[in-house]
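The values are calculated or read from the model by the stated rules, or taken from the named source; none is laboratory data. Because the structure is a prediction, the values reported are computed rather than measured. Heads up, the Cβs are rebuilt from the backbone with ideal geometry, glycines too, and the neighbour counts pull from every protein chain shown.
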Amino acid sequence: MTRTLLPRRQFLQGCSAAIAAMAGAKLTNLAFAKQDSPSDTMVVVFLRGGWDALNVVPPLDGDDRGFYETARPDLKISNPLRLNDQFGLHPAMSPLYDLYQSGRAGVVHAVGLDFDTRSHFDAQEYIELGTPGSKSTASGWITRHLQATGISSILPVLSTAGQPTSLLNFVPTVSLNTPEDFSLWDNGLRDSHMNALRVLYAGDSLLHRAGTRTLDALNIVSPLSGGGYTPSNGADYNDDEFGRQMKTVAQMIKLEAGLRVATVDFGGWDTHEYENEGNGGYIAALLEQLAAGLANFYLDLDSGYTEKLSVVVVSEFGRRLVQNESRGTDHGHGSVMFALGGSVNGGQVFGNWPGLHNEQLYDHADLAVTTDYRQVLGELLTRRMNNSDIETVFPGFSGNYNPLGVFK
Amino acid sequence: MQNKRLTRRDFLKLGGALAATSVLAACAPDEATPQPDISQQAIPTNPLVTPEAQTPLPPVPMAILTLNRLTFGIRSGDVEAFNALGATDDERLQNFVTQQLNPDSLDDSEFENRYNKAGFETLHKSLEQLYADHVANNPYDSNNDSYWDWYSKPAHELADATLLRAAYSKKQLVEVLADFWHNHFNVYFWQDDGVPLLVSYNRDALRANMLGNFRQMLEAVAKHPSMLYYLNQNNSSDAGPNENYARELFELHTLGAENYLGVRDPNAVEKDSNGVAHGYVDNDVYEAARCLTGWRIDDNLGGWEEGVGISGNFLYYKPWHDRFNKLVLGQYIPADQEDLKDGHDLLDLLANHPGTARFIARKLCRRFISDVPSESIVQAAANTFYENRAAPDQLKRVMETILLSAEFKASWGGKVKRPFEAVISMIRALNSDSNRIPGGTHWMLGLMGQAIFERRSPDGYPDVREAWANSMSLLYRWNFAVGLAENWMNDDDTGFKINSDIYGQTPAEIRSASGLADYWIQRILNQAIAETSRAAIVAVMAQEYGPDETLPDDHVRYVLPAMVEVILMSPEFQWR
């Protein structure tokens with residue numbers, strides 16, 4: 001007996017417009033103050049583990065080059081790509097170098113969390129909550145941004161890896177790895193299942209809302225789950241986790257379902273040992289994945305989407321200036337951020353370089369933080385996301401807000 | 001195929017769900033309860049991320065609460081067996097906890113039969129045998145599949161056996177605790193050169209001590225090659241201490257982030273009457289790393305290190321030890337102590353610190369009571385932990401304090417199943433039959449975000465609902481219900497099977513949609529549910545028939561699994 005022979009009631013939801021209307025209605029669990037307004041799609045790439053900022057963007061010249069080479073006899077980057085007179089770029093980042101030269105990508109150095117911690121978990125939490133020093137915050141910085149601006153779209157927020165802290169307590173987040181994996185398995189009665197699940201998950205608890213959101217997302221994404229996505233402009237994503245995540249975000253942007261924010265996680269940056277060893281170099285392999293993923297993403301979306309696209313790359317901290325005995329680096333402080341997009345004032349290295357002399361280092365050990373990471377994110381919100389309410393997103397910070405000019 | 005050169009350094013993948021929040025989220029004090037005795041409260045803890053208010057759920061019978069918390073889910077007959085343990089709820093709970101905390105008294109023949117048929121080849125091996133067979137005599141050959149298969153076989157078998165134990169062992173609390181402690185002292189499956197040794201780590205360092213003494217477990221972990229490899233302790237020497245393990249020893253294994261005071265002058269930290277600092281600062285981490293220099297593995301595979309063999313055991317390597325004095329938590333550790341004493345002193349300081357008692361107690365309460373346990377039960381458990389710090393059954397006593405508490409008895413709705421618990425509880429609910437659970441289960445747990453032993457970062461999987469309430473995680477929980485009930489999980493390549501006979505477990509006299517729904521709702525959820533939810537389940541069963549019509553047999557055979565799947569997918573099934 002095959003299942004398709006069985007007569008069954010039609011639970012189909014009707015045309016896609018009806019689905020969209022229903023899905024939209026389900027997304028109003030949070031009370032939003034304002035009407036939605038056109039803004040960029042903001043993509044936040046979080047590099048988990050604390051990336052080695054001083055080898056990503058090493059000093060090229062002068063005393064600091066000397067301090068750098070002395071501190072890192074086995075790890076120093078000897079052939080960086082030239083960003084300006086002062087700084088270079090790790091050669092494995094070459095896919096991103098073209099975008100830097102064409103003014104689509106910019107760099108902020110000596111940036112980070114201006115708070116005394118070398119704990120991964122503390123630092124990530126502070127950055128993502130947007131309240132350094134306080135963990136009592138009940139929502140993430142992106143959550144507060146979206147609450148301030150309001151949303152009305154079907155698919156406002158996508159996370160490719162669970163729910164990050166930056167989106168804490170933001171209910172309408174959809175998490176999915178790839179559209180291909182995102183379907184409810186069909187035992188021949190899938191419509192019947194979907195209908196029952198709608199009823200079972202109609203409730204107010206966190207679990208109920210997550211279920212309803214999942215059903216909404218299935219309606220939106222299932223047309224894409226057949227696979228066969230062809231990126232634009234010949235973009236050719238690596239078949240690695242980061243490449244797949246960026247491809248998924250590009251697909252969701254092209255759905256034109258009003259994606260406002262996407263968060264992407266990329267781990268493995270905690271390079272305590274043998275940082276430059278292995279096939280081509282351990283950190284070089286990560287940087288190549290990162291740069292290739294970002295460059296292909298930009299190329300793919302350079303089909304009418306990049307003018308409304310802003311990407312930021314952030315990590316919880318940089319690493320110690322001096323290499324350790326395992327030819328790696330331990331947890332440090334100051335880091336480097338990248339910005340990418342059609343409205344980035346690219347081709348520049350922003351920030352105030354503190355120097356690498358012993359007295360210039362944080363705790364006599366690490367690159368100092370001279371630019372609070374919230375300067376960069378605040379500018380992104382103000383200039384690209386139609387949100388000048390810095391105080392709501394980053395409580396207590398607005399008095400210090402002083403844009404660097406990373407975004408147009 | 002995993003690339004070894006990559007995976008060995010790829011240990012801190014802080015990806016996935018809420019890496020940061022999860023560790024810390026549930027530490028906020030419950031505002032409704034009085035603050036603990038201030039003398040016990042060494043330092044003010046940061047109020048951490050506050051999970052949203054929980055929807056109160058009506059209380060359930062003690063059997064349902066206890067079985068959901070102390071086991072991986074209710075099997076047919078479990079409720080009746082629990083209720084036969086005494087005349088009152090308190091008596092039944094007391095007796096069940098006593099049984100579970102004395103696991104040797106339990107008849108586990110069903111599991112043992114399945115385990116004996118599972119065909120495991122490597123799980124009986126000692127640490128030295130694992131190292132000799134799978135590492136020392138299995139030379140690294142990255143392009144050779146047979147090298148990789150043999151290298152990873154013990155750890156794969158451990159993961160399979162862990163599923164099998166969780167599903168079928170009568171020693172359920174042991175399994176719940178083994179999961180807790182592996183995540184507390186997390187070691188990632190694919191770490192460094194020690195993948196096969198994970199079998200020994202789980203068995204000899206964790207399971208052997210988890211109802212015993214914390215100080216002993218801490219030392220067993222500190223000296224186990226799995227941990228020494230995972231957190232880079234293996235190459236930490238006086239010339240350049242690697243502080244990775246030392247930092248997580250403070251932050252994750254003992255005092256916890258709640259006792260971290262940041263980058264501060266250690267002399268400025270307040271001390272207790274014994275001169276022990278109330279919390280730790282970065283300097284303590286560096287000094288601890290110095291105490292532990294020379295703690296490594298006897299793994300001289302290259303053959304060039306004098307005084308180092310290839311047993312795979314822990315090795316104290318004196319040439320690497322920093323012999324000078326150290327200052328940890330305000331305590332002076334003199335130069336030139338006898339072998340190992342610097343490290344042992346460090347572990348003593350940490351295991352006997354009141355901050356550690358509270359951190360461990362809070363974490364256990366979060367596991368067994370609520371995402372945000374009240375300060376009263378945390379302090380009670382911490383007191384038991386602290387007072388019994390020298391006792392050989394310290395951790396068993398802590399479990400008794402938690403499980404027999406008033407807070408435990410009133411905690412229904414405090415927890416939502418995580419993917420591992422959801423998957424195993426489905427297998428138990430359907431009484432599914434397997435001697436070796438097919439590998440597709442591991443793959444699906446990965447899509448849900450909780451592949452067994454595959455948390456890359458040292459913090460272990462999160463234990464608060466916020467971390468798991470995302471669409472991908474929920475969707476694959478639903479898909480597992482479909483795969484299990486439809487018998488789609490069987491793996492033809494390995495021959496591993498799991499079979500669920502739903503039709504055969506249904507009384508033949510029940511043939512209406514409403515009757516079948518009521519039977520399986522009671523069987524799986526052990527309680528009634530809201531009428532609207534029941535009606536939705538009945539509608540799945542009925543399809544084009546009326547709810548009370550007698551259904552034809554072919555309809556029942558076809559639709560019954562689909563209806564059972566919906567019950568397994570329901571929010572009610574996800575509560576613990």
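Looking at B:LEU261, B:LEU231, B:LEU218, can you tell me which residue is on the phi < 0 side of the Ramachandran plot and surrounded by 24 or more Cβ atoms within 10 Å (Cβ to Cβ)? Give the derivation first.
Details: B:LEU261 fails: surrounded by 24 or more Cβ atoms within 10 Å (Cβ to Cβ); B:LEU218 fails: surrounded by 24 or more Cβ atoms within 10 Å (Cβ to Cβ).
None of the other options fit; the residue is B:LEU231.
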Taking the stretch A:210-222 and keeping only residues that are touching a Leu at 6+ places or on another chain (Cβ under 9 Å), more than 8 Å from chain B (Cβ to nearest Cβ) and modelled with pLDDT under 90, one is left with A:ASP216, A:ILE220, A:VAL221, A:SER222
Could you count how many residues in the stretch B:267-323 are among the aliphatic types (A, V, I, L, M), outside any loop (DSSP other than H, G, I, E, B) and surrounded by fewer than 18 Cβ atoms within 10 Å (Cβ to Cβ)? 1
Can you tell me how many residues in the stretch A:176-202 are closer than 20 Å to A:GLN163 by Cα, more than 7 Å from chain B (Cβ to nearest Cβ) and surrounded by fewer than 19 Cβ atoms within 10 Å (Cβ to Cβ)? 3
Show me the helices (runs of 4 or more DSSP H) found entirely inside the stretch A:138-230 where at least 2 residues are under 23 Å from A:TYR126 (Cβ atoms). A:141-149
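On the given criteria, is B:ASP348 more than 30 Å from B:LEU404 (Cβ to Cβ) and outside any strand (DSSP E or B)? Let's see the steps before the verdict.
Working: more than 30 Å from B:LEU404 (Cβ to Cβ): no; outside any strand (DSSP E or B): yes.
For B:ASP348, the condition - more than 30 Å from B:LEU404 (Cβ to Cβ) and outside any strand (DSSP E or B) - is not met.
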Which of (1) within 11 Å of chain A (Cβ to nearest Cβ); (2) within 28 Å of B:THR550 (Cα to Cα); (3) not in a helix (DSSP H, G or I) does B:ALA469 not meet, given it meets every other one? (2)
Determine, yes or no, whether A:LEU207 is within 7 Å of chain B (Cβ to nearest Cβ), surrounded by 17 or more Cβ atoms within 10 Å (Cβ to Cβ) and free of Cβ contacts under 8 Å to residues at least 40 places away in the same chain. yes
Restrict the check to the stretch A:70-90 and report whether at least one residue is in a helix (DSSP H, G or I) and either at pLDDT below 95 or surrounded by 24 or more Cβ atoms within 10 Å (Cβ to Cβ) (or both). no
Considering B:HIS184, B:HIS156, which residue is under 30 Å from B:SER105 (Cβ atoms), at pLDDT 95 or above and not hydrophobic (A, V, I, L, M, F, W, C)? B:HIS184
Does any residue of the stretch B:246-260 turn out to be without any contact (Cβ under 8 Å) to a residue 12 or more places away in the chain and within 14 Å of chain A (Cβ to nearest Cβ)? yes
Condition first: surrounded by fewer than 24 Cβ atoms within 10 Å (Cβ to Cβ) and part of a helix (DSSP H, G or I). Now tell me which residues in the stretch A:110-137 satisfy that. A:ALA123
Which one of these does B:ASP554 not meet: (1) more than 24 Å from the chain's Cα centre (by Cα); (2) closer than 30 Å to B:ASN183 by Cβ? (2)
Out of (1) under 16 Å from the mean Cα position of the chain (by Cα); (2) more than 11 Å from every other protein chain (Cβ to nearest Cβ); (3) over 21 Å from A:GLU307 (Cα atoms), what's the single condition that is false for A:ALA262? (3)
Scanning the stretch A:231-247 residue by residue, the ones that are in a loop (DSSP other than H, G, I, E, B), touching a Gly at 6+ places or on another chain (Cβ under 8 Å) and buried (at least 19 other Cβ atoms within 10 Å of the Cβ) total 1
